[in-house]
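First the structure, in the form of structure tokens, and then the observations on it.
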Amino acid sequence: MHKMLFWTPRVLSLLFVGFISIFALDVFNEYQGWAVVLPLFIHLIPSLFLLLVIAAAWKYELLGAALFFAGAILYVWEAGLDKPWSWYVFIAGPAALVGALYLLSWYMRRRQGSDAAIDTALSS
């Protein structure tokens, strides 16, 4: 159970980056050849930022939870509340889910660590 809880937010966050990156492919409709490189890079900046967040969250799960929750809230704020609900479900929803899973993973690891400390103290 602990392994699954460890890996689930990490795998889902990488899949989320892949999903977000798909939106960058629209540059191929407007640009051809080498002219596509800069617009593609610009469209992939959010994905690159998310990869940095994942790198930090890999070790610091609480930070990852906070950043993914903040990203979900920021997306809703920036998109505005006048958009169709599907916009929020497909972008902010997965970010909030990943944030919740990082938080749960952090909590379980912390609890497991305190349980191990108690067991060590009781056995001595």
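The values are calculated or read from the model by the stated rules, or taken from the named source; none is laboratory data. Not measured: the values here are computed from a predicted model. Virtual Cβ from ideal backbone geometry, glycine too; neighbours counted across all protein chains shown.
So, in the range 44-56, how many residues would count as being out of contact with any Ser or Thr (no Cβ under 7 Å at 6 or more places or on another chain) and modelled with pLDDT of 95 or more? So that I can check it myself, show each step before the final result.
Within the range 44-56, the subset out of contact with any Ser or Thr (no Cβ under 7 Å at 6 or more places or on another chain) is 45-46, 48-53, 55-56.
In the following step, the residues that additionally are modelled with pLDDT of 95 or more were identified as 45, 48-53, 55-56.
Selection size over the range 44-56: 9.
Run down V89, V11 and say which single residue is modelled with pLDDT of 95 or more and under 19 Å from the mean Cα position of the chain (by Cα). Steps first, answer last, please.
Working: V89 fails: modelled with pLDDT of 95 or more.
Going through V89, V11 in turn, just one is modelled with pLDDT of 95 or more and under 19 Å from the mean Cα position of the chain (by Cα): V11.
In the range 13-124, which helices (runs of 4 or more DSSP H) lie fully inside it and hold 1 or more residues that are in contact (Cβ under 8 Å) with a residue 40 or more places away in the chain?
Details: elements: 27-30, 37-43, 45-59, 61-79, 93-123.
Hits in the range 13-124: 45-59, 61-79, 93-123.
Of everything in the range 33-83 that's surrounded by 17 or more Cβ atoms within 10 Å (Cβ to Cβ) and touching a Leu at 6+ places or on another chain (Cβ under 7 Å), which residue is nearest to L97 (Cα to Cα)?
A65
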